[in-house]
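Quick notes on the structure that follows.
Values quoted throughout were computed directly from the atomic coordinates according to the rules given, and no laboratory measurement underlies them. Given the structure is predicted, the values throughout are model-derived calculations rather than measurements. Cβ placement follows ideal geometry from the backbone for every residue including glycine, while neighbour counts extend to all protein chains displayed.
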Amino acid sequence: MNGENIVLGVTGGIAAYKSAELVRRLRDAGADVRVVMTRGARAFVAPLTFQAVSGNPVHTELLDDKAEAGMGHIELARWAGRVVVAPATADFIARLAHGLADDLLSTLCLATTAPLIVAPAMNQQMWSHPATQDNCRLLEERGVRIIGPESGSQACGDTGPGRMTEPSDLVAALMTPPGAALADRHVVVTAGPTYEDIDPVRFIGNRSSGRMGFAVAAAAAAAGARVSMVAGPVRLPTPPGVERTDVRGAVEMRDTVMRVVRGADLFFGVAAVADYRPRQQAGQKLKKGPDRQHLDLVSNPDIIAEVAALEDGPMTVGFAAETEQLEQHAREKLSAKRLDMIAANRVGRAGTGFESEQNEILLLWPGGERHLGKGSKRQLARSLVSAAADRLRDRESIETRTDQDSRPASG
Ligand code: CTP
């Protein structure tokens, strides 16, 4: 963003306090920032705050001769390399969609030819309202880029979609070219093995190195996604731009995934999750006993199947590591776990699989397949992410068409 001129529009929502942090991060990324505040925004944060963090005067009035004598709304509109509105309230989005120009920010948005980016923030019910959804669709059709909102707990006490995207994620999204395959998407990846503890020193584990999962997370981040990775015990460095949570056992992995997966677009289950765990974990180290010992095991949750069963859940991509009858076993998993896609790879042969740098993948989905061939895990991860992004787009365009078809005809 070196030297880029950003006009940051701040409208009247509680998330306005986060915009001060956004200004700092934009400046850290090299941008020159001028802040325009609506009257509502000034009820939440004082203009002086934005003046201090941006190092520029704050613009608030349209019909103010003193302000217009400085940098007027037309000059500001021409100065902007991009206009970012964060937070954007439901009201501001509606006014933007209808082309109103009754204050400085709305006028500037009409007067500029610079790309417009909007980060909505509002109560979840207001976000879900058809009026807001239709307004956002209209803006997107006109080329406005909408980033977020995120799901989570809200200032009003509700839980759901409507939180403004965090300033660091907004800046990361602004730095990603809009055409990137997964721009503005949220991707969740599980990686590595799980360790199922028997006692404080022993566990049941497996030979997964985590390299494939880390490569998928890195490829998704490089394709513009916001990536949350839930990793079992591995000592690999976190790829740039990936938000990592370390876990140990399958139950902890499931609980973490369920917390981060809400509102995600795409889920890659790359972890080699243990199918069973000891029914009980001994509090103290178990002592040597008789010649024969039995471990009492119980099933672990099937994480990817639980994600695939979520209502409004993400598109799911699983992995099937097989030693024989690759396609048949992988197809069985695809349908049993109700996945959208599965990456089948053969293990147990020298040179591919668990501990190797190389892999070979056959990608399967209901009614289709693609051989991604042999390659390094990084190359295959890039091909896999790109194929999954294509399928995600296809899936969404089918859903949109079905939605339109099922709407009652008017007149
Ligand atoms: N998986 C999961 N949770 C589990 C087991 C597996 O999320 N408890 C996911 C893996 O991350 C992978 C896919 O399911 O994406 C297939 O895993 P695999 O272990 O091959 O399937 P299983 O159902 O365990 O079949 P089996 O061990 O009998 O081959």
**Prompt:** Say each of T113 and E141 gets a label point 7 Å from the Cα, pointing the same way as Cα to Cβ; how far apart are those two points in nm?
**Reply:** 2.5 nm
**Asked** Exposure proxy check: W79, W127 ranked by fewest other beta carbons within 10 Å?
**Response** W79, W127
**Prompt:** So who's got an amide H within less than 5 Å of the one on L297, skipping anything under 5 residues away but keeping other chains? H placed 1.01 Å off N, in plane.
**Reply:** R279
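For segment 5-175, what mean projected area does the convex hull of the alpha carbons give, in nm²?
Numbers: hull surface 35.2 nm².
For segment 5-175, averaging the hull's shadow over all directions gives 8.8 nm².
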**Request:** For D28 paired with C156, estimate the spin-label separation in nm (one decimal), with each label point 7 Å from Cα along the Cα-to-Cβ line.
**Result:** 3.1 nm
**Extension gain (nm, one decimal) between R42 and K66, 0.36 nm per residue minus Cα-Cα** = 6.8 nm
**Message:** Please arrange C136, C156, C109 by how many other C-beta atoms lie within 10 Å of their C-beta, fewest to most.
**Reply:** C156, C136, C109
**Item:** Förster radius 25 Å - calculated FRET efficiency between R207 and Q280, Cβ distance, rounded to 0.05
**Value:** 0.50
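Report the gain in length on full extension from Q125 to Q293: 0.36 nm times residue separation, minus Cα-Cα distance, nm rounded to one decimal.
Values: separation 168, 0.36 × 168 = 60.48 nm, distance 5.65 nm.
Gain on extension, Q125 to Q293, equals 54.8 nm.
Given 0.36 nm per residue, what is the gain on full extension from D390 to H371 after removing their alpha carbon distance, in nm? Walk me through the numbers on the way to the answer.
Values: separation 19, 0.36 × 19 = 6.84 nm, distance 1.52 nm.
That pair, D390 and H371, stretches by 5.3 nm at full extension.
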**Item:** 24 Å Cα-Cα reach of K377 towards lysines, excluding residues that sit fewer than 8 places from it in its own chain
**Value:** K333
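Give me S54, S397, S168 ranked fewest to most by other Cβ atoms within 10 Å of their Cβ, as a rough exposure proxy. List each step's numbers first, then the result.
Numbers: S54 21, S397 10, S168 14.
Final ranking by Cβ density, sparse to dense: S397, S168, S54.
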